[in-house]
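Notes follow once the structure below has been shown.
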Amino acid sequence: MIRVTIWNEYIHEKNNLQAGKIYPNGIHSQIASFLKSDDIQVSTATLDMPEHGLTEEVLKNTDVLVWWGHVGHNDVRDEVADRVAESVLKGMGLIALHSAHHSKPFKKLMGTSCNLNWREDAYERLWCIAPHHPISMGVPSSFVLEQEEMYGEPFDIPKPEEVIFTGWYKSGEVFRSGCTFTRGYGKIFYFQPGHETYPIYYNEHVQRIIKNAVAWANPLLKLEKLICPNTQPLE
Ligand code: ZN
């Protein structure tokens, strides 16, 4: 059983008519609805909860954290962001979705600005350029998102371990739309699609990719503390 926590700032869905129409119960609820299965146990957390719903206890019992944030990045308390980043170092998987590229935990783990070019209302074709990778399982060689926000290169991230998806836009830009990293014992997947005013998380291929990513990021080992467990001198 993989224990997944889906974190969402949950702001646009309450303030923006279009986002609220597409995700009446929040983006986190939609992601939860397709992740829930016999193999995946899902809980959700939002910005307005005490400690943003990400207490020590919650993170200790989370194998993979899914993160959606945008306008609320700066409202995430530093100590909570640090706690999330430290949990990744200890082995928790992290799936950073869409504008999570600028979230505090992701930026901390990357160590770069994570800046990119962007523009609304683009036609995107996602190419699967690593078909051998577990995150690509069951995903076609390419698929189209008729409407998505354009995220374009240059994307200021450290060199990814693997680029799984490349986004191509009719307007000419390209983007490393699906990238993997390892930090400490934790696996990280950044995935670009998911602008709040388009029904991206209803797309079957997007759903498949996020499901695959959760399975891939599920840790074999999670440390209790960030220290070497063997402190006894060797005989
Ligand atoms: Zn967006």
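Overview of values
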{"read-out": "Failed condition for Trp118, given (1) within 15 Å of the ligand (Cβ to nearest atom); (2) outside any helix (DSSP H, G or I); (3) surrounded by 19 or more Cβ atoms within 10 Å (Cβ to Cβ); (4) at negative phi", "value": "(3)"}
{"read-out": "Any chance Pro199 is more than 15 Å from the ligand (Cβ to nearest atom), at pLDDT 95 or above and on the phi < 0 side of the Ramachandran plot", "value": "no"}
{"read-out": "So Glu148, is it within 16 Å of the ligand (Cβ to nearest atom), in contact with a helix residue (DSSP H, G or I) (Cβ under 7 Å, 6 or more places away or on another chain) and assigned to a strand (DSSP E or B)", "value": "yes"}
{"read-out": "Residue selected from the stretch 176-196 under the condition aromatic (Phe, Trp, Tyr) and either surrounded by fewer than 21 Cβ atoms within 10 Å (Cβ to Cβ) or away from the ligand (no atom under 13 Å from the Cβ) (or both), by the criterion modelled with the lowest pLDDT", "value": "Tyr185"}
{"read-out": "Residue check for Leu54: crowded, with 19+ Cβ neighbours inside 10 Å, aliphatic (A, V, I, L, M) and closer than 23 Å to Glu173 by Cβ", "value": "no"}
{"read-out": "Residues located in the stretch 96-108, provided they are touching a helix residue (DSSP H, G or I) at 6+ places or on another chain (Cβ under 7 Å) and away from the ligand (no atom under 16 Å from the Cβ)", "value": "Lys104, Pro105, Lys108"}
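Each row is one residue, and each column tells you yes or no for (1) within 16 Å of the ligand (Cβ to nearest atom); (2) polar (S, T, N, Q); (3) free of Cβ contacts under 8 Å to residues at least 60 places away in the same chain.
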{"position": "Asn16", "(1), (2), (3)": "yes, yes, no"}
{"position": "Ala32", "(1), (2), (3)": "no, no, yes"}
{"position": "Thr44", "(1), (2), (3)": "no, yes, yes"}
{"position": "Pro50", "(1), (2), (3)": "no, no, yes"}
{"position": "Asn61", "(1), (2), (3)": "no, yes, yes"}
{"position": "Asp78", "(1), (2), (3)": "no, no, yes"}
{"position": "Ser87", "(1), (2), (3)": "no, yes, no"}
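The values are calculated or read from the model by the stated rules, or taken from the named source; none is laboratory data. Since we're looking at a predicted model, the values are computed, not measured. Every residue, glycine among them, receives a Cβ derived from its backbone with ideal geometry; neighbour counts consider all protein chains shown.
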